[in-house]
Amino acid sequence: MSTSDYAPPQERERWGSRLGLILAMAGNAVGLGNFLRFPNQAVQNGQGSFMLAYFICLFLVGIPLMWMEWGIGRRGGSYGYSTCPGMFQSLTRAKWVKYLGALGVVMPLLIVVYYVYIESWTLGYAASAVTGELAEATGNTSAFFNTYLGADGNGFLGNDTWIGSNKALTFFLITMVVNLWVLSRGLSKGIEIVAKVGMPVLLLCAIALVARVLTLDNYEGRSALDGLAIYWNPEWRALFDESRAIELYGKGSAAIWLAAAGQIFFTLSVGSGAINTYSSYLTREDDIALTGLATVSTNEFCEVVLGGTLAIPAAFLFFGLDGVMEASSGNMGLAFKTMPRIFENMPLGFGGEAGGASGVAVYGLLWFGLLFVAGITSSLALSQPTMAFLEGAMGMTRRKAALVVGTIILICVGPVIVLPGVLDEIDYWAGTFGLVLFSTIEVILFMWVFRPSRAWGEIHHGADIRIPVVFKWIMTYVTPTLLLWMLYRWGTTQALPILTFQNDPNGNAYDEATRSAAYLARAEMLALFVFFAVLVGVASKRGYFKRAETLDSPEGSAT
Ligand code: ALA
């Protein structure tokens, strides 16, 4: 194995402690996806049958990808690379591969653009809970939501016109400043501290709310536990029988599978490059097999046990099945419009009167506070690949990198705030389709190009457990086959109308306004990719990838 003398420009950062790493990784995965996205997706896309598909995808795609990304990340880190361009380059001698790695910088950044905006709503709502404004608005939570966002209220983000909102902008700016400040403090003094404080707070708030929901007295003959039956009544047939699925859930079986897989990618943060970057700060001897599994387990506990036992059972108790279906049909209705009404009904003590304004204040603070913490630990993780790239490949200081990240987000978020459809468009390409595409590239590179035995050895280097060998087979054959099948299904059933701007990603025809927004959103995404690909080229000219390019030979080994 030959290596050049090229040394990365800076002393690389490291995690301060194993606990800090575990909490930061858990914070990376546990996010708005667990508490906002999961209940909506499960209820709207096959309910109990969604859960079956979800767990199958977790074992065949999610957990394998998690291990692979930890492996790719730690290996890249051991050669001085914190982001995917360098990590990918160290897996193969094909020199163009580093440009594919640019996706692992751009996609998380694009997700951050809209993610931080939604995260800022949770901060704004937490403040409104404390000031009592939210309690006054429970009679019309939709109007409150529209006023908060500055939307005219014809529809939410689908076809609303933006009429301006100081509140949404103020909380967005506060959220941005907090994110950038933490990022500029670095790994152990910034991100790790937020995770160490934030994750226990998040867990406590969530457990307190779940305990409260599960101990609520029956309401109009319904119990919260009955609400759990919405998720936990699976039917196998619906997963393979299109007409049965449509009859039961109004969604075909392919749609159920794709929604379940999409949720697994999003919630575990796999397929974006964010896990790889966090993993690159490990030392070569650190375990990744057990710690990767611990990340998945923590995320699933927060998603299925806590996220699943909160909003839907509570909404079922007070508003029945129809109420649940209606609340979960819009993107954000359940969290921002229905939950405040639920909090008004929930007694503060056990038994007793509805909490009223105090209920909205106390439970609202717990709920929106936990969402904010879940959000910020994920947005920091999604921003870190860009930070690391600008520092490592472009030689910027942390402060300067944070300023550049902030500037890019501010430029890109404008259309997200004011134009209907831009958020959905970016969420689709970077937060849904892109994750599948990028995961496919990673699996092919790691398992097929780098080769299964080396990948398996890489994951087990320094491992505290031995992963059952069946997973080697799953990672080599099953995971890539499923990913390629998803891309194939997409290519044959959805690609054409979406790529030619006929349908939006949800299958609805574009109107003039949303089509223009889609043009702009796609142009923005493309421009950002080209920008970072050019930076990869510049870094390459400066010799940044020399070490990676000369590293690997088919027989070579990182160990
Ligand atoms: N994994 C993060 C979430 O679930 C992005 O929100």
Given (1) within 16 Å of the ligand (Cβ to nearest atom); (2) more than 18 Å from M66 (Cβ to Cβ), identify the lone condition not met by N345. (1)
Looking only at the stretch 126-147, decide whether some residue is modelled with pLDDT of 95 or more and either under 30 Å from S243 (Cβ atoms) or under 20 Å from the mean Cα position of the chain (by Cα) (or both). no
Looking only at the stretch 260-272, decide whether some residue is away from the ligand (no atom under 12 Å from the Cβ) and surrounded by 24 or more Cβ atoms within 10 Å (Cβ to Cβ). yes
Count - residues of the stretch 279-298 that are part of a helix (DSSP H, G or I) and open to solvent by less than 10 Å² (accessible area, probe 1.4 Å): 6
Could you tell me which of the residues I417, I409 is buried (at least 23 other Cβ atoms within 10 Å of the Cβ), β-branched (V, I, T) and under 22 Å from the mean Cα position of the chain (by Cα)? I409
Single match in S378, S329, S358 (criterion: buried (at least 19 other Cβ atoms within 10 Å of the Cβ) and either over 30 Å from L103 (Cβ atoms) or in contact (Cβ under 8 Å) with a residue 12 or more places away in the chain (or both)): S378
Among helices (runs of 4 or more DSSP H) completely within the stretch 67-138, the ones holding 2 or more residues that are in contact (Cβ under 8 Å) with a residue 40 or more places away in the chain and under 20 Å from S379 (Cα atoms) are 103-131
Would you tally the residues in the stretch 21-53 being assigned to a loop (DSSP other than H, G, I, E, B) and either open to solvent by less than 10 Å² (accessible area, probe 1.4 Å) or without any contact (Cβ under 8 Å) to a residue 40 or more places away in the chain (or both)? 3
Can you name the residue in the stretch 361-375 that is farther than 15 Å from P108 by Cβ and open to solvent by less than 10 Å² (accessible area, probe 1.4 Å) and, of all such residues, is farthest from the ligand (Cβ to nearest atom)? G364
(1) of a type outside the set (D, E); (2) open to solvent by less than 10 Å² (accessible area, probe 1.4 Å); (3) within 25 Å of A523 (Cβ to Cβ); (4) within 16 Å of the ligand (Cβ to nearest atom): which one isn't true of L423, the others all being true? (2)
All but one of (1) within 16 Å of the ligand (Cβ to nearest atom); (2) open to solvent by less than 50 Å² (accessible area, probe 1.4 Å) hold for F301; which doesn't? (2)
Would you confirm whether any residue within the stretch 262-278 is under 30 Å from N345 (Cβ atoms), in a helix (DSSP H, G or I) and free of Cβ contacts under 8 Å to residues at least 24 places away in the same chain? no
When the residues of the stretch 102-116 are filtered to those that are more than 14 Å from the chain's Cα centre (by Cα) and not β-branched (V, I, T), which remaining residue is nearest to A388 (Cα to Cα)? A102
For the stretch 194-226, give me the residue count where each residue is assigned to a helix (DSSP H, G or I), among the basic types (K, R) and either closer than 23 Å to G48 by Cα or open to solvent by less than 80 Å² (accessible area, probe 1.4 Å) (or both). 1
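Being open to solvent by 80 Å² or more (accessible area, probe 1.4 Å) and in contact with a Gly (Cβ under 8 Å, 6 or more places away or on another chain) is the filter here; which residues of the stretch 227-241 pass it?
Answer for the stretch 227-241, where residues must be open to solvent by 80 Å² or more (accessible area, probe 1.4 Å) and in contact with a Gly (Cβ under 8 Å, 6 or more places away or on another chain): W232, N233.
The values are calculated or read from the model by the stated rules, or taken from the named source; none is laboratory data. Everything numeric here is computed off the predicted structure, so don't read it as measured data. Please note: Cβ atoms are built from the backbone with ideal geometry, for glycine as well, and neighbour counts cover all protein chains shown. Remember, those area values only see protein heavy atoms, side chains included, never the ligands or the DNA or RNA. Shrake-Rupley method; radii C 1.70, N 1.55, O 1.52, S 1.80 Å.
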